[in-house]
Amino acid sequence: MIAATIPDLAVFFVGAAIIVVGALGVILAKNPVHAALSLVMTLFGIAVLFIEEQANFLAAVQIIVYAGAIVVLFLFVIMFLGVDKAEDITTEPIVGQRPIAAIVVAALMASIVALGQLGHWMVGTHASTTATTGNDVADLGRSVFTTYLFAFEATAALLVIAVVGAVVLARRVSPDELSTDEPEVAQVPEDLGATMTAGEVEQ
Amino acid sequence: MNLLGTDPLFVNGVSWAVVLIVVVKVVVAFAVLMGAVTMMIWFERKAISDMQSRIGPNRVGPWGLLQSLADGIKLFFKEDLIPAEADRFVFKLAPYLVVVPAFLIFTVVPVGGQVTLFGHTFDLQVADPPMGILLVLACSGIAVYGVMLAGWASGSKYPLMSSVRASAQMISYEAAMGMNVVTVLLVANTLSTRGIVASQGGSILHWNLIRTGFVPFVLFLIAVTAELNRPPFDVVEADSELVGGFNTEYSSIRFALFYLAEFMNTITMSAIMVTLFFGGPAGPIPNIPHLRWVFPILWFTVKVVAFCFMYIWFRAALPRMRYDQLMDLGWKRLIPLSLAWMLLVAAAITNWRWAIGVLAAIIIAAVLLLRAFDLGGARELEDQAVLPSIGARPLPGYVLRQLTDAEEVED
């Protein structure tokens, strides 16, 4: 059994502190941009814990994919749509949402604690994921393309469906709607100067 | 120990001497990089001046060599302004999110071979983590935040537009960049930068430039140029449209940090390209006693300077691309090409039957994709298009003149 050493524990608690502070920031920050930045902090904390577990590849992917792409897209949308304002959260958008959320969170926490007790989890153990060959990329690749092939391909298919769905939803624009908010300079006639007036251009 | 990679420095455990060597390596890398940036700025200004028949910096120091230093001192003592509309915390944070990744990328670059000093053998490289080259991708992912948040936190219209452009551009080209890195990794069979360099040892034929078939290098070069926001892909800093870009509202030392990061990224990305495709410090080593360790560093420097000069040449020679052309190039050309070449290399490594099969699949996919581009391009010209594209260029001058003339008549 691998025992936790002092440096392991120190790294774990620092990582955990970063994660918790970041997570609190996500829900407490009034400004959506600050919330997104707190999320980045949480993701960094998780990457630290991955490195502690010797899952170097996962740590790098955590930063590249989650921090480097997904949260950037969040920020992109926040900035692009101009929703970067403090929001009023005193009213509940869906009635009964908050009590239900509290119950679910309590149940999840209880089950995690129970699992930890049953499975003898340890705080801050080093490399508990036990890379068999010492090469975590090879291990990960082998398990993803053999043991967990179906789950992996199903996830990939799900993502493709989500992308196609998003494109279909985003492109559904009726022609009437289009002509009101976009200027209509569809085709440039050959004798443009003679036929086109300023009114047509400005429409 | 796995975390520290295969650096021979840590083989016999960690002692005070080892810690001291690591600290010295970090300090030297920092100093060399800062010095290289001042030289790079001078080199860029001087080379562009030559290409444009100007003299360039020639007042401070011999041949104007100390100009960047003088500029740096000037910027340091200037008044530091924060706009009234700015988000103060994020505004102050943003420059560091650009500068720190720029430094970090250089830590994984192998600058030379191994050196033995005071009984300790160590790599001429700050760190050789097992995730190696992925650290580069991670850092360039983080650098996007700096640019993005700088524009947003300024609380000003044009920097915001610039940062929206920047984030879209950098994410798009990161995909193409990553896929070409994967092609190199398939051949090198390791993630560690030292491993990648070691796999290219021997003759020039072992360089990944040759082994991956030249195409990934060209694609990577284009993707990196866009990732760096260097000309011809510098729509982020298109002065004629955006006043100055995402750093318009910045002044004093914060502006200097952006400036520093921009040039430092040019150097570090050149170094990454040398590491990935040009064998890093590989090169002929003449048998001169006590000086053998100098030659890898020399070869590395020569290669990096060649790439830096190429970027300067790009800037002087190529006109800035339009934003939609930039996106078209990234998504419709670079990403499919990188993906196809990556699959082809992967198949070729397996065996020749797979290679032929994948090649056939790629040709079919390419035909379908080109047909799809055709159909999509034709549809754009219908009533959804705001401005019709005539040929591959924007509206010709006489059409624009007629449009504006018509408006003037109405007034």
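Coordinate-derived values only; no laboratory data. Since the structure is predicted, the reported quantities are computational estimates derived from the model, not experimental observations. We place every Cβ from the backbone using ideal geometry, glycine too, and count neighbours over all the protein chains shown.
Some observations on this one:
- Extending 7 Å from the Cα toward the beta-carbon at both residue B:240 and residue B:331 defines two label points whose distance is 2.5 nm.
- Label point 7 Å beyond Cα of residue A:28 along Cβ direction - residues of the stretch A:87-117 with amide nitrogen under 18 Å: A:87, A:89-90
- Karplus (6.51, -1.76, 1.60) ³J(HN,Hα), θ = phi - 60°, over the stretch B:179-186, in Hz, Gly and Pro reported as x: 5, 6, 5, 4, 4, 5, 5, 4
- Residue-wise HN-Hα coupling along the stretch B:66-83, computed from phi with Karplus coefficients 6.51, -1.76, 1.60 (Hz; x: Gly, Pro): 8, 4, 5, 4, 4, 4, x, 5, 4, 4, 4, 9, 7, 5, 9, 9, 10, x
- Likely footprinting exposure, B:156, B:252, fewest C-beta neighbours within 10 Å first: B:252, B:156
- Pairs of lysines in chain B whose Cα atoms sit within less than 23 Å of one another amount to 6, provided the residues are eight or more positions apart or on different chains.
- FRET efficiency, residue B:16 to residue B:290 (Cβ-Cβ, R0 30 Å, nearest 0.05): 0.65
- For chain B, the square roots of the Cα gyration tensor eigenvalues, ordered a ≥ b ≥ c, give a/c of at least 1.5 with a/b no greater than b/c, which places it in the oblate category.
- The stretch B:74-349, relative contact order in percent, only Cα pairs under 8 angstrom and at least six apart counted: 27
- For residue B:81, the residues 5 or more places off, or on other chains, whose built amide H falls under 5 Å of its own are B:251.
- The stretch between residue B:352 and residue B:89, if pulled fully straight at 0.36 nm per residue, gains 89.0 nm over its current Cα-Cα span.
- Sorted fewest first by neighbouring Cβ atoms within 10 angstrom, B:398, A:148 come out as B:398, A:148.
- Placing unit charges on the Cβ atoms only, positive for Lys and Arg and negative for Asp and Glu, gives the stretch B:233-316 a dipole magnitude near 600 debye about its Cα centre.
- Gain upon complete extension [residue B:366, residue B:121; 0.36 nm per residue less C-alpha separation]: 83.1 nm
- By the count of other C-beta atoms within 10 Å, a proxy for reagent exposure, B:327, A:79, B:310 are ordered fewest to most as B:310, B:327, A:79.
- When the chymotrypsin sites (Phe, Trp or Tyr not before Pro) in the stretch B:54-109 are filtered for DSSP coil states and for at most 13 other beta-carbon atoms within 10 Å of their beta-carbon, the remaining sites are B:77.
- Computed 3J(HN,Hα) for the stretch B:52-58, one whole-Hz value per residue from the Karplus formula 6.51 cos²θ - 1.76 cosθ + 1.60 where θ = phi - 60°, is 9, 6, 10, 8, x, x, 8, glycine and proline marked x.
- Point-to-point label distance, residue B:252-residue B:26, nm (Cα→Cβ direction, 7 Å offset): 2.8
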